[in-house]
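In what follows, a single structure is set out as structure tokens and then discussed.
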Amino acid sequence: MGAKTGRAISAAQPLQGLKLPSHVWRHTGERLLIYVLLVLVALMALLPLMWAFAASFTPNARVFDYAFPFSLRALFPVEFTLEAYDAIFARGFGDALKNSFWLSGVTVVLGGTINALAGFAFARFEFRGKRILFLTVILLPFLVPVDLTAIPRFILVNSLDWRNTWQALIVPGLGNSLAIFLFRQFFEEIPQDLIDAARVDGASWLRLFFNVVLPLSRPVLITAALFLFLQQWDAYFWPLLVAPRPELRLVQVAISTAVEEHRTRWNEQLAGSMLAAIVPILLLLPFQRYYIQAVTSSGLKD
Amino acid sequence: MTGRERFMPYVFLLPALALIVIFNLFPTIATLIESLHGNSLVRGGRVFVGLGNFNRVLNDPIFWKSMQVTGLFSVLVNTIQVVLALGLALLANSRVRGITVFRSIYLLPVAVSINVTTVVWGLMLNSEGGLINGMLSLVGIERQPFLIAPTHALWSIIVLATWKGVPLWTLFFLAGLQGIPQTVLEAARIDGAGRWQCFRFVTLPLLRGVLLFVLVADTVANFLLFAPVLLLTKGGPQLSTNLVMYETYRRGFVYGDLGVSSAMLSLMLLLVFAVIGVQFTLLRRRT
């Protein structure tokens, strides 16, 4: 698609460039400038990760060796070692990774399902109270950041005797207004004919939902899944409050605890950070085009 | 729809909506109610204290200082992030070879949590031998006390929050840009519009919806910034990074004063709504 439209633009360009003696040169210069900018921004995005990655494989005493004064050697491990990784795994970082995987996975499956169902109801059904429900249950919670209301939620979870349990970590994070909103916008675009056809064939609404609608909705499913995954993978404030028990320790809490308790073991802090970062990065990159599709279909344009 | 069919919508809605009502809506209302209660020293337990907590909060110079810090922080960080995200989206929307590789790289910080960002940038901003000081030294700038001077600390937090925050908003702007039909831009160009005019009078108005969404969502997200303050500065030096979110945590969970903490959170809640309201009216009216 990019190539086609690119040709369309350059076809229009001579009209604009008539005044200039050599618009060809201008064009090349412009392209060069774009590449310089692209590379500079890419370096800004990459540099912190590259340094942290290299430093996590470096003996602790030498972490800052090439950082100050800066030389490019800072982007490669000085004396490659796995001591930092060995140390954090010995302190139970592997369990934290496993816990976060489990929590995020369960949330993606359960949360993905119930939010998709709700999104479908808002997109495809007419019912009493639709508008008011949409405003109070979707829009309002979206505008109220969850951490702002953590205290009563904490008291509620305590009164359910859920402190230090998986339920306390999983259940409050399942219903998600943004996910419902994304699903609703996507489901509105599904042609009515498809739904009618399935209905005529006698499919129940639930069957229609799982067998017809969901298979058509890959971009929004992937986007919502990633979103729910990140929400739990990145969770910090809430687990800190409700699940301080070491057996339930999650990855962000483990990293932060390491910073508080081992302030000068820099390479270990960075090793934990790199492991915590690599998982979502690997999930994010292969599906890039779907997010743009899902966001575009969310109708934010108007 | 008759009989059983009539209940179908509610069957679809029930699981998600019930959870949102219990774990999101109820706590929002409860925050407001909790802010009217305090610990009773005489009887133990919670008693109604009316606006007593608000009275204490509003007469507390530390709270006002942290409101000031939060206000300054919000204005700076949201402006910087939205402008950079829009600029970056325009850049990432250029039709040049290899652009998808650059887009993937730009997206990376989305996958990096704020805690990881805090750890990595915290070490890079180290005032002794951090990477940033190392780079500055190459161009002859002396070591900067990034996280330990009241003049620098808030800016350091803005920088790391921006590194993490901008890519997500860039993604939204990029999606918005790709939704603009090429024909519209070409028509403007043929009518003699220059690059800036195209952007100002064609692209920007068509991005209004995305802009509003990004502005609101970014504002809400930044009001909540907590981990960098907890891990790097503890609100200091001299309260220069004592964002309200951290102050409510300190009051509520470190000192156990849930009433005052809830009162602060209620005020934050009202503030969030006020700011969003202003953003809505401004952007709706502008075009």
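The values are calculated or read from the model by the stated rules, or taken from the named source; none is laboratory data. On a predicted model such as this, the values are computed, not experimentally measured, just so you know. Methodologically, a virtual Cβ is constructed for each residue, glycine included, from the backbone with ideal geometry; neighbour enumeration extends over all protein chains shown.
So which of A:ALA243, A:ALA198 is out of contact with any Lys or Arg (no Cβ under 6 Å at 6 or more places or on another chain), of a type in the set (A, V, I, L, M, F, W, C), more than 13 Å from every other protein chain (Cβ to nearest Cβ) and surrounded by 21 or more Cβ atoms within 10 Å (Cβ to Cβ)?
Values: A:ALA198 fails: surrounded by 21 or more Cβ atoms within 10 Å (Cβ to Cβ).
Among A:ALA243, A:ALA198, only A:ALA243 is out of contact with any Lys or Arg (no Cβ under 6 Å at 6 or more places or on another chain), of a type in the set (A, V, I, L, M, F, W, C), more than 13 Å from every other protein chain (Cβ to nearest Cβ) and surrounded by 21 or more Cβ atoms within 10 Å (Cβ to Cβ).
Out of the residues in the range A:211-222 that are surrounded by 15 or more Cβ atoms within 10 Å (Cβ to Cβ) and assigned to a helix (DSSP H, G or I), which is farthest from the other protein chains (Cβ to nearest Cβ)? Walk me through how you get there before you give the answer.
Within the range A:211-222, the first condition is being surrounded by 15 or more Cβ atoms within 10 Å (Cβ to Cβ), and the residues that meet it are A:212-214, A:216-217, A:219-222.
Right, trim to assigned to a helix (DSSP H, G or I) and you get A:212-214, A:216, A:219-222.
Numbers: A:VAL212: 14, A:VAL213: 11, A:LEU214: 13, A:LEU216: 17, A:PRO219: 11, A:VAL220: 13, A:LEU221: 15, A:ILE222: 14 Å.
So the residue we want is A:LEU216.
Picking from B:VAL75, B:VAL120, B:VAL101, B:VAL82, which residue would you name as being crowded, with 22+ Cβ neighbours inside 10 Å and either in a helix (DSSP H, G or I) or touching a Leu at 6+ places or on another chain (Cβ under 7 Å) (or both)?
On the way: B:VAL75 fails: crowded, with 22+ Cβ neighbours inside 10 Å; B:VAL101 fails: crowded, with 22+ Cβ neighbours inside 10 Å; B:VAL82 fails: crowded, with 22+ Cβ neighbours inside 10 Å.
None of the other options fit; the residue is B:VAL120.
Kindly evaluate A:ALA54 against the criterion of being outside the structural domain of A:GLU268 (by TED's automatic domain parsing), at pLDDT below 95 and crowded, with 20+ Cβ neighbours inside 10 Å.
On the way: outside the structural domain of A:GLU268 (by TED's automatic domain parsing): yes; at pLDDT below 95: yes; crowded, with 20+ Cβ neighbours inside 10 Å: yes.
Taking the combined requirement at face value, the residue satisfies it.
Among the helices (runs of 4 or more DSSP H) confined wholly to the range B:153-199, which include 1 or more residues that are at pLDDT below 90 and of a type in the set (Gly, Ala, Ser)?
Where helices (runs of 4 or more DSSP H) fall fully within the range B:153-199 and carry at least 1 residues being at pLDDT below 90 and of a type in the set (Gly, Ala, Ser), they are B:153-178, B:182-190.
Counting only residues that are part of a loop (DSSP other than H, G, I, E, B), closer than 28 Å to A:PRO239 by Cβ and over 22 Å from the mean Cα position of the chain (by Cα), how many does the range A:127-154 have? Reasoning before the result, please.
Within the range A:127-154, the first condition is being part of a loop (DSSP other than H, G, I, E, B), and the residues that meet it are A:127-129, A:144-145.
Among the residues that remain, those that are also closer than 28 Å to A:PRO239 by Cβ are: A:144-145.
Imposing the further condition that a residue be over 22 Å from the mean Cα position of the chain (by Cα) reduces the set to none.
Residues that pass the stated criteria total 0.
Which numbered condition in (1) more than 30 Å from A:ARG131 (Cα to Cα); (2) modelled with pLDDT of 90 or more; (3) surrounded by 19 or more Cβ atoms within 10 Å (Cβ to Cβ) is the only one that B:ILE20 fails?
The failed condition is (1).
List, please: which pairs have Cβ atoms under 8 Å, are six or more places apart or on different chains, and start with a residue in the range A:193-215 that is under 19 Å from A:GLU126 (Cα atoms) and end with one that is at pLDDT 85 or above and outside any helix (DSSP H, G or I)?
Listed by first residue and then by second, the contacts come to A:VAL213/A:ILE190.
With A:ILE180, A:ILE190, A:ILE151 as the choices, which residue is within 11 Å of chain B (Cβ to nearest Cβ) and closer than 15 Å to A:VAL220 by Cα? Steps first, please.
Working: A:ILE190 fails: within 11 Å of chain B (Cβ to nearest Cβ); A:ILE151 fails: closer than 15 Å to A:VAL220 by Cα.
The conditions single out A:ILE180.
So A:ALA225 ticks every box in (1) modelled with pLDDT of 85 or more; (2) within 18 Å of the chain's Cα centre (by Cα); (3) closer than 29 Å to B:LEU225 by Cβ; (4) within 13 Å of chain B (Cβ to nearest Cβ) but one. Which box is left unticked?
Only one criterion is unmet by A:ALA225, namely (4).
Which residue pairs have Cβ atoms under 9 Å apart, sit 6 or more places apart or on different chains, and have a first residue in the range A:231-249 that is over 15 Å from A:VAL157 (Cα atoms) and a second that is of a type in the set (Phe, Trp, Tyr) and in a loop (DSSP other than H, G, I, E, B)?
A:TYR236/B:PHE226
Considering only the range B:153-164, I want to know if a residue exists there that is of a type outside the set (A, V, I, L, M, F, W, C), over 19 Å from B:GLN81 (Cα atoms) and surrounded by 19 or more Cβ atoms within 10 Å (Cβ to Cβ).
The initial filter retains those residues of the range B:153-164 that are of a type outside the set (A, V, I, L, M, F, W, C), namely B:156, B:162, B:164.
Retained after the next criterion (residues that are over 19 Å from B:GLN81 (Cα atoms)): none.
The answer is no; no qualifying residue exists.
Could you grab me the full set of residues in the range B:209-225 that are within 8 Å of chain A (Cβ to nearest Cβ) and either of a type in the set (Val, Ile, Thr) or surrounded by fewer than 20 Cβ atoms within 10 Å (Cβ to Cβ) (or both)? Even if it seems obvious, please write down each step before you answer.
Going through the range B:209-225, the residues within 8 Å of chain A (Cβ to nearest Cβ) turn out to be B:209-210, B:213, B:216, B:220-221, B:223-224.
Within the range B:209-225, B:GLY209, B:VAL210, B:PHE213, B:VAL216, B:VAL220, B:ALA221, B:LEU224 meet the criteria.
Might you let me know whether the range A:110-125 holds any residue that is over 21 Å from A:GLN232 (Cα atoms) and more than 11 Å from every other protein chain (Cβ to nearest Cβ)?
Step one: filter the range A:110-125 for residues over 21 Å from A:GLN232 (Cα atoms), giving A:120-125.
So of that shortlist, the ones also more than 11 Å from every other protein chain (Cβ to nearest Cβ) come out as none.
So far as the range A:110-125 goes, no, none of its residues is over 21 Å from A:GLN232 (Cα atoms) and more than 11 Å from every other protein chain (Cβ to nearest Cβ).
Got at least one residue in the range B:104-113 being within 27 Å of A:LEU33 (Cα to Cα) and more than 8 Å from chain A (Cβ to nearest Cβ)?
Checked the range B:104-113: no residue is within 27 Å of A:LEU33 (Cα to Cα) and more than 8 Å from chain A (Cβ to nearest Cβ).
Which members of the range B:152-197 meet the condition of being farther than 30 Å from A:ASP234 by Cβ and in contact (Cβ under 8 Å) with a residue 24 or more places away in the chain?
In the first step, residues of the range B:152-197 are kept if they are farther than 30 Å from A:ASP234 by Cβ; the result is B:180-197.
Hit for the range B:152-197 is B:ILE180, nothing else.
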